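The block underneath contains the structure these notes are about, expressed in structure tokens.
The values are calculated or read from the model by the stated rules, or taken from the named source; none is laboratory data. Just so it is clear, the structure is predicted and the values come from calculations on it, not from any experiment. Heads up, the Cβs are rebuilt from the backbone with ideal geometry, glycines too, and the neighbour counts pull from every protein chain shown.
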Amino acid sequence: MKYYRYVRWIFLALGLTAVIGLTVMNVYSLYALHDNKVQSSVEKQKRQLMEYTNQVRSRFRYPVRTLWQLDMEEVKASLTSPSNVHEDLIVIIEQASSDSLFSDIYLSTPECTPCERHGDTIWHYQPEIGRFAATTEYDQLVSDGLGITRTRMNALVQDYQWNTRVIFDTHNSMTVALINALSREVVAYLLFVIDQDFLVNSYMGPKLAETFGTGEETGIIVWLHDWTRNEVLSTTAPEVTYSYQNVDFIQNFPDLLNNWNLKAAFTANPDIAASRASLTRNLFVLAGAMLLLIGAFVFMFFTAQRERSLAQRQALFLANVTHELKTPLAVISAAGENLSDGRVTDPVRLKSYGTHIFNESLRLRTMIDRLLDVARSNTKNVHIRKTQTHLPHFLQGYLKKKKSYLESHDVILHLDIDEKVPEIEVDQSDLQSILDNLIDNAVKYSPDGKFIEIRTSSNDRVSLMVKDKGIGIPKEFQKYIFDKFFRVEDALTAQTKGHGLGLSIVKDLTVRNGGTVSVSSSPGKGSVFTIRFPVTDSSVPHNDTSSHIQEQTKQQEPEHVP
Ligand code: ADP
């Protein structure tokens, strides 16, 4: 049996652990799912950023995309004077010059070194006449761009397999080296001056908005940033001030616009926000379910503990009662045996044996009555026999029967009985048990001087009050004293015998008869137990001439037993 109890708890604990494990796994996968979603959304945005930079790169190359088709030998042969430039090259240059992205186009042969000697003659494309013309008037950025390309190509040209190579000088110019791949020599340099205003405001800015949307609600903010000057050239969210702390990702341009890059901040887009909301909702539900489960477990644990302790007390009670029943029985049977075999003939001893048998049988009866009370209060559907009862009359009869008990315990009884209380409908044997228990307790828990006051009164209900001046009940225990088997655990209570059943019987029987019971008590001063019964419709107020017993008994107070 013991085993089963432990196995039950082990299984319960295993079950709970499994549920907790499942919940933790659930939470983990919910988080992983959400993270995945965030991650894939971020990855998608990163791909978009890269795609954007590639598109910008293509945009630069588009006007010169057919340069590779030229016969570089022929081009070289045509570069004897600006007006002699190969017609195929002129066609391409003409198209490029119509592109607003480039403001000027220059041509330089490898022999000319404007980077070293700014002011050397180079050829400048004249769109109005569709020809190149020699010039010494050009911007420093032109000689810088040509110089950078020349240096790079000197290092590259021997291993280079293609016939064109594009090199950018930051955001200022784009130079295309025309290469004779067979002889591994540069034929000419074509420099395109970049119109930055057009590039930023008419191309990159609008393209940013078109690709990434505007405002924060798209889940990404992109800044086109000149990092050398720490200047924002264009942004998708003008309302958000740029700050390096907000930047989650930086995307550089491949091989071009070296001083510029894209800075991005990932914010929650509606998809992610919905996923986060669903995650939070799920977590709340899981947490609620867990709390419920743990609550149920704790509740089960405590109720099981309570039931166990109740069962233990019940077993103890049965053992004690059996033992207590045996004592008077042993006395009765010993005395009876002595009398029956005729050995006792002395009248004094005969009387003493008789008294013993009588007293012990009374003790036995009291015990059996108590047991019957317990059984009765435990039986929910027992048939009760309610009768119209006038409490003062009932008390008179009851106290008469109780006289010898009260006398034997030196009780000082004070009665304050209102004879006018209306009748109540109760089972009189229940009422007797209630009074027995309350009076027994008042006697038991009053070690110094047993003063008991019984009072009846009425307003909308009829009250019966039993008051003593005993040890009292500490406040913290008062809510438990009506529980089965509860006993106050202190030195004073320990001196008395009991099983903690009396008050639970009082409560059960009172409630069964439609009444309520309450206690008011203070340690060292005494206790007052009040039973209240409803006034029944058929109740009639009593108009007795001696309406208040208190007046009759007061002169005799304090009195021993009425
Ligand atoms: P028992 O008296 O057998 O212990 P009861 O159910 O009658 O069981 O009482 C429960 C507990 O309430 C007692 O153990 C005692 O501590 C306390 N109690 C009951 N009546 C009184 C009283 N009149 N004065 C002081 N304490 C009381």
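When region 401-434 is filtered for residues that are touching a residue at least 40 places away in the same chain (Cβ under 8 Å), within 27 Å of Phe358 (Cα to Cα) and buried (at least 18 other Cβ atoms within 10 Å of the Cβ), the ones remaining, listed by number, are Leu406, Val411, Leu413, Asp430, Leu431, Ser433, Ile434.
None of Gln55, Gln39, Gln69 is modelled with pLDDT under 90 and surrounded by fewer than 17 Cβ atoms within 10 Å (Cβ to Cβ) except Gln39. Scanning region 436-456 for residues that are away from the ligand (no atom under 12 Å from the Cβ) and modelled with pLDDT under 95 returns Asp448, Gly449. Evaluate the following for Gln305: is it closer than 30 Å to Leu503 by Cβ, surrounded by 13 or more Cβ atoms within 10 Å (Cβ to Cβ) and within 56 Å of the chain's Cα centre (by Cα)? So Gln305 fails the test. Where residues in region 325-381 are part of a loop (DSSP other than H, G, I, E, B) and of a type in the set (Lys, Arg), which of them is surrounded by the most Cβ atoms within 10 Å (Cβ to Cβ)? Here the residue is Arg343.
Residues that are assigned to a helix (DSSP H, G or I) and surrounded by fewer than 17 Cβ atoms within 10 Å (Cβ to Cβ) within region 180-199 comprise Gln196, Asp197, Phe198, listed in sequence order.
Could you go through region 204-217 and let me know if any residue there is modelled with pLDDT under 90 and within 22 Å of Val64 (Cα to Cα). No: region 204-217 contains no residue that is modelled with pLDDT under 90 and within 22 Å of Val64 (Cα to Cα). When the residues of region 507-539 are narrowed to those that are of a type outside the set (Val, Ile, Thr) and assigned to a helix (DSSP H, G or I), which ends up farthest from the ligand (Cβ to nearest atom)? Across region 507-539, the extreme among qualifying residues is Arg512. Residue check: is Leu89 within 14 Å of Thr175 (Cα to Cα) and at pLDDT 90 or above? No; evaluated as a whole, the condition is false for this residue. Across region 287-303, a minimum of one residue is classified as over 25 Å from Val24 (Cβ atoms) and out of contact with any strand residue (DSSP E or B) (no Cβ under 9 Å at 6 or more places or on another chain). On the stretch given as region 126-150, residues that are touching a residue at least 40 places away in the same chain (Cβ under 8 Å) and either touching a helix residue (DSSP H, G or I) at 6+ places or on another chain (Cβ under 6 Å) or among the small types (Gly, Ala, Ser) (or both) total 6. Filtered by the rule that a residue be more than 9 Å from the ligand (Cβ to nearest atom) and basic (Lys, Arg), region 468-506 gives Lys469, Lys475, Lys479. Looking only at residues in region 1-37 that are more than 24 Å from the chain's Cα centre (by Cα) and aliphatic (A, V, I, L, M), the one that is farthest from Leu224 (Cα to Cα) is Met1. Out of region 506-520, which residues are in contact (Cβ under 8 Å) with a residue 24 or more places away in the chain and either under 13 Å from Thr530 (Cα atoms) or crowded, with 23+ Cβ neighbours inside 10 Å (or both)? Residues satisfying the conditions are Val506, Lys507, Asp508, Leu509, Thr510, Gly515, Val517, Val519. For Val411, the conditions (1) within 16 Å of the ligand (Cβ to nearest atom); (2) at pLDDT 95 or above all hold with the exception of (2).
Only a single criterion out of (1) out of contact with any Lys or Arg (no Cβ under 7 Å at 6 or more places or on another chain); (2) within 21 Å of Arg376 (Cα to Cα); (3) at pLDDT below 95 is not satisfied by Gly524, namely (2).
Would it be correct to say that Trp227 is surrounded by fewer than 16 Cβ atoms within 10 Å (Cβ to Cβ), in contact (Cβ under 8 Å) with a residue 24 or more places away in the chain and of a type outside the set (D, E, K, R)?
Yes, satisfied.
Need pairs with beta-carbon distance below 7 Å; first residue farther than 14 Å from Arg313 by Cα and in a loop (DSSP other than H, G, I, E, B) and within region 481-499, second of a type in the set (Lys, Arg) and within 8 Å of the ligand (Cβ to nearest atom); sequence gap 6+ or separate chains. Going by the 7 Å Cβ cut-off, the qualifying pairs are Thr496/Lys444.
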